[in-house]
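The structure appears right after this line, and notes come after that.
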Protein chains: 2
Amino acid sequence: MAPDDSVPEAIPDRHENATGEISALPPEEASKVAAEIRAIAEARGEDSEVVELVEMSASASVPGARTRRSSIIPPMTSVTGELVPVEDHDEELSVDELRDAWPLLDLEERSDGLRVLPREDAEDFFVALSPADQAALLLHFRAGQRRQWMRLLEPDDVADVIQRVTEEHRATLLALLDAPTRKEVTALMAYEEDEAGGLMSTRYARLRPQMTADEAISYLRRQARDKIETIYYAYVLDTEQRLLGVVSFRDLFAADPKKIVAEIMETDVVRVTDEMDQETVSRYFAEHDLTVVPVVDKDGKMKGIVTVDDIVDVVQEEATEDAQKFGGMEALDMPYLMSSRAQMVRKRGRWLTILLVGEMLTATALGFFEDALIPTLALFLPLIISSGGNSGSQASTLVIRAMALGEVRAADWWLVLRREVAIGVALGAILGGFASVRVMIWGAVGTYGEHFLLIGLTVALAVTGCVLWGTLAGAMLPFLLRKLGADPANASAPLVATLVDVSGIIIYFTIAKLILTGTLL
Amino acid sequence: MAPDDSVPEAIPDRHENATGEISALPPEEASKVAAEIRAIAEARGEDSEVVELVEMSASASVPGARTRRSSIIPPMTSVTGELVPVEDHDEELSVDELRDAWPLLDLEERSDGLRVLPREDAEDFFVALSPADQAALLLHFRAGQRRQWMRLLEPDDVADVIQRVTEEHRATLLALLDAPTRKEVTALMAYEEDEAGGLMSTRYARLRPQMTADEAISYLRRQARDKIETIYYAYVLDTEQRLLGVVSFRDLFAADPKKIVAEIMETDVVRVTDEMDQETVSRYFAEHDLTVVPVVDKDGKMKGIVTVDDIVDVVQEEATEDAQKFGGMEALDMPYLMSSRAQMVRKRGRWLTILLVGEMLTATALGFFEDALIPTLALFLPLIISSGGNSGSQASTLVIRAMALGEVRAADWWLVLRREVAIGVALGAILGGFASVRVMIWGAVGTYGEHFLLIGLTVALAVTGCVLWGTLAGAMLPFLLRKLGADPANASAPLVATLVDVSGIIIYFTIAKLILTGTLL
């Protein structure tokens, strides 16, 4: 989502309590909106969740909450400086109320909500929505309304929206654009959404190397009137559109007016290519503390810029995907409350079924040891295999996250393995010690019969073995997945646990047979 | 880390291959550096990991990699426009090489590395380091060198650094600052590192409401020469330092030169308070697509600004902490390869021990059902309890992540519970069905004796019960933790699995006793 950088921080009608936290709405106002939304919801006759949500917000609101409108200077001017009437919004739906209720509203209600908002608020709100929401709304709007909403979006956002709709609707939406924008959008659509080309804006400020600082400032002033993303960094291009350097507005401003741009610009520019993966782009931002980066194609021709505010979204999105994969499911790709129950069952059920099938191997493995599966040993089975799963979960989360941050690369597997062997042995010894103490104490009072010391030894060794094995499996699985071209984040806690369960059974009963044959077995 | 916004994207000596990906160094150059670092490492006589890492990088490098220096215009001018000699860096350590090896270097080597780098590169590199690294280096430097390095840092970064050192060293470092900076830093140190006040920069551009656009531009031009974070948004303050509005440089630039600032500024400004938690601040950025936000105290007085590039770090940091907690360990607070093995064992061992003690309850629970713990039932024990753990892990990761993104609030627990009951029943039925099929097939060939149908029914019901219970426990535990004032991310996959293991045993054997008493039991 590209912000309109002329007034990014201006969202009217923000309600705050005394500490500045966004609170729920003042009670009297909230109950009005509750009624308003309830009227819509009841007309629809089913979704009682909407009403509940609003009622909860109302009851949770802080006494003494005040609105920003009680601030020192009344909002008498719009950003363009024209006098605008101070409206009384008390009877209206506010942006915050709509944002709070949004996940629970259907398309009809969302579209109504936007209509009810003051025009400017509605536009800001629409621009900040996800591409999926924007796409759904655009198709829902009447044909006559579509154009005006579509025109609010920057070309890169339009490209994202169009990639969300079916082939047949694409032409409809593209037809709403003017010819130059349509050309830009079509070019952007050639990129995957998760590569630099799919993130970039094509509307950046450009300069020629031979301009003087003075000429450059006037030229930027003209460009500032267009819808360009930022005038604060201008890119210096040759006649072939190749990137020669970058100049900050601030430096231009501070420079001798007669000096030429080629002398002011910085030529050693960190740049990314249009096909670079968005995770790599976000690592560049982190490593170099960038606020904006130019995107070039493989011939060095300038294609666009990626700004840091888009990177925040990328980072959140990637972290959410990784977290969900690590939790043992497919990435949801939408907010939790917005997904339908059927989608949830599908996205979660698939992995659970795969894991269950994997876990069925535990029954098979136990089948091989049926003669050793005496109650005294079965007692400790969950304890032993789970210690391996837990240590595996730790190791894999560490490696996955370090990979995502670029701290650990594929070639570092050997380094990681060596560390984890040492750590696994230490952790295994500690946990094995604790586990055997448990067996000894219960055993000393006679619970496990005369051979309790041997049982204690068996359990201690099995825990040590499982923890070491779990640690190594958890640490190496992300490397293996990456090698196979899969996302390392799929080395989820449940997957590692399942792998370790099966091998943990083999470890446990093999040790048991070695130690206990002739006594208990 | 506050970027020096005059040249944030200028990091010299970046090596790129043809696709623009940062590659390893050209082989011949890398082996020189390997030798260089090896010389240091061998002098130290132990850390062979350093050498290995560099050799791996060298062997992984892409043929035909080229350096940026072969670009169209040679870097003949520095950012200030002064002519600087084009140095031949072939014999030198490059920034990338140092960055790659950094995690494995000790303090002495790091300090040497900075000395070996060209001055400007070393400064950029130092500024981009973590506060912990900066603190360690500053204390390591000779007293005569400290001041020049310290002066590179913005006040907010200095405050972070000082908060990392012991009480006795604080005075030493503070003494290096000039009086006004020292005052600023001391004020910033009153804030926690993870609240808005701890993130903010105090060096923002300010204007008075009665200035004309023209006067404002000249005034900003003067301020631009100081080390202020950005001139692109200027904050309009009254004589009491209260925030009246914001004006973008771009609007000022486009406005009638005679118009006064009060008429141009936007008065409805999204703001945060100085004590607001950094996670909340990052949500404001996401919700409003901000690039910068003003920070005010509880009286509405302006204190500083937070820029979006700091928010990227916050988002990464919070995601990493949450991921590590969810994986079942304490947050590491440092890169994986930089933590010592002893720290790892401590941070991971503590939780593993707690989980092991919890898991010991499974042995206790199984003890109550010892008469039912016949081999035929023990066979399916891991399968059944792990299905509950896996579904619990999914549910908790979804809820934790949705909470972190602000999609789900504490008050939504009832909404989530209702959804998860429906989803848990559906998932439970599906998995129970699959599990019983497995028992039926093996049973049909005689593996489980004559009562295999009853065993199949028992397993199916137990899986259904465990999946439903696991789903609900996983979904509700984050809410419970938040209610208790703990981080919801502690509802880790291993913790949920452990909880569900114990209750899963009770569910399984209770169902078994109900169905199988009189036949198998």
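A count restricted to the stretch A:369-399 and to residues that are without any contact (Cβ under 8 Å) to a residue 60 or more places away in the chain and either surrounded by fewer than 22 Cβ atoms within 10 Å (Cβ to Cβ) or more than 7 Å from chain B (Cβ to nearest Cβ) (or both) stands at 3. The number of residues in the stretch A:101-122 that are within 13 Å of another protein chain (Cβ to nearest Cβ) and either out of contact with any helix residue (DSSP H, G or I) (no Cβ under 6 Å at 6 or more places or on another chain) or closer than 22 Å to A:Ser339 by Cβ (or both) comes to 6. The residue of the stretch A:327-351 that is farthest from A:Thr280 (Cα to Cα), among those that are at the interface with chain B (Cβ under 7 Å from one of its Cβ atoms) and not in a loop (DSSP other than H, G, I, E, B), is A:Arg341. The residue of the stretch B:313-326 that is surrounded by the most Cβ atoms within 10 Å (Cβ to Cβ), among those that are within 8 Å of chain A (Cβ to nearest Cβ) and among the acidic types (Asp, Glu), is B:Asp322.
Looking at A:Leu499, A:Leu477, A:Leu472, just one residue is open to solvent by less than 50 Å² (accessible area, probe 1.4 Å), within 22 Å of A:Val357 (Cβ to Cβ) and in a helix (DSSP H, G or I), and that residue is A:Leu477. Any residue at all in the stretch A:179-186 that is free of Cβ contacts under 8 Å to residues at least 12 places away in the same chain, open to solvent by 60 Å² or more (accessible area, probe 1.4 Å) and among the polar types (S, T, N, Q)? Checking the stretch A:179-186: not a single residue is free of Cβ contacts under 8 Å to residues at least 12 places away in the same chain, open to solvent by 60 Å² or more (accessible area, probe 1.4 Å) and among the polar types (S, T, N, Q). Close contacts from the stretch A:335-360, counting a first residue that is under 19 Å from A:Glu321 (Cβ atoms) and a second that is open to solvent by 20 Å² or more (accessible area, probe 1.4 Å) and among the β-branched types (Val, Ile, Thr), with Cβ to Cβ under 9 Å and a gap of 6+ residues or different chains, come to A:Gly349/B:Ile430; A:Leu352/B:Ile430. Within the stretch A:433-442, the set of residues being more than 10 Å from every other protein chain (Cβ to nearest Cβ) and either surrounded by 21 or more Cβ atoms within 10 Å (Cβ to Cβ) or of a type in the set (Ser, Thr, Tyr) (or both) comprises just one member, A:Ser436. Contact annotation: residue pairs with Cβ atoms under 8 Å, 6 or more positions apart or on different chains, pairing a residue in the stretch A:208-220 that is closer than 16 Å to A:Tyr233 by Cα with a partner that is open to solvent by 20 Å² or more (accessible area, probe 1.4 Å) and of a type in the set (Phe, Trp, Tyr), are A:Met211/A:Tyr219. Residues of the stretch B:191-201 being outside any helix (DSSP H, G or I), at pLDDT 85 or above and not polar (S, T, N, Q), which ones? Within the stretch B:191-201, B:Tyr191, B:Glu195, B:Met200 meet the criteria.
Taking the stated definitions as given, is B:Ala171 open to solvent by less than 60 Å² (accessible area, probe 1.4 Å) and among the small types (Gly, Ala, Ser)? In short, no. Here A:Gly446 meets each of (1) assigned to a helix (DSSP H, G or I); (2) more than 10 Å from chain B (Cβ to nearest Cβ) with one exception, condition (1). Could you count how many residues in the stretch A:214-271 are under 19 Å from A:Asp156 (Cβ atoms) and β-branched (Val, Ile, Thr)? Final tally of qualifying residues: 3. Only residues that are at pLDDT 80 or above, of a type in the set (A, V, I, L, M, F, W, C) and open to solvent by less than 20 Å² (accessible area, probe 1.4 Å) were counted across the stretch A:209-244, and they come to 8. Looking only at residues in the stretch A:400-432 that are outside any helix (DSSP H, G or I) and within 7 Å of chain B (Cβ to nearest Cβ), the one that is least open to solvent (accessible area, probe 1.4 Å) is A:Val408.
Evaluation of B:Asp277 against the conditions (1) open to solvent by 20 Å² or more (accessible area, probe 1.4 Å); (2) in contact (Cβ under 8 Å) with a residue 24 or more places away in the chain; (3) touching a Pro at 6+ places or on another chain (Cβ under 7 Å) shows that the sole unmet condition is (3).
Residues of the stretch A:295-312 that are more than 7 Å from every other protein chain (Cβ to nearest Cβ) and touching a helix residue (DSSP H, G or I) at 6+ places or on another chain (Cβ under 9 Å): A:Val295, A:Asp297, A:Lys303, A:Gly304, A:Val306, A:Thr307, A:Asp310. Restricting attention to the stretch B:245-276 and to residues that are modelled with pLDDT under 90 and more than 7 Å from chain A (Cβ to nearest Cβ), the residue that is nearest to the chain's Cα centre (by Cα) turns out to be B:Phe249. The criterion of being open to solvent by less than 60 Å² (accessible area, probe 1.4 Å) and assigned to a helix (DSSP H, G or I) holds for B:Leu139.
Rundown of residues vs (1) at pLDDT 85 or above; (2) of a type outside the set (Ser, Thr, Tyr); (3) assigned to a helix (DSSP H, G or I), yes/no style:
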| site | (1), (2), (3) |
| --- | --- |
| A:Glu109 | no, yes, yes |
| A:Arg115 | no, yes, yes |
| A:Gln134 | yes, yes, yes |
| A:Val158 | yes, yes, yes |
| A:Gln163 | no, yes, yes |
| A:His169 | yes, yes, yes |
| A:Leu173 | yes, yes, yes |
| A:Leu176 | yes, yes, no |
| A:Leu188 | yes, yes, yes |
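The values are calculated or read from the model by the stated rules, or taken from the named source; none is laboratory data. Everything numeric here is computed off the predicted structure, so don't read it as measured data. Every residue, glycine among them, receives a Cβ derived from its backbone with ideal geometry; neighbour counts consider all protein chains shown. SASA here: full protein model, heavy atoms, side chains in, ligands and nucleic acids out. Shrake-Rupley method; radii C 1.70, N 1.55, O 1.52, S 1.80 Å.
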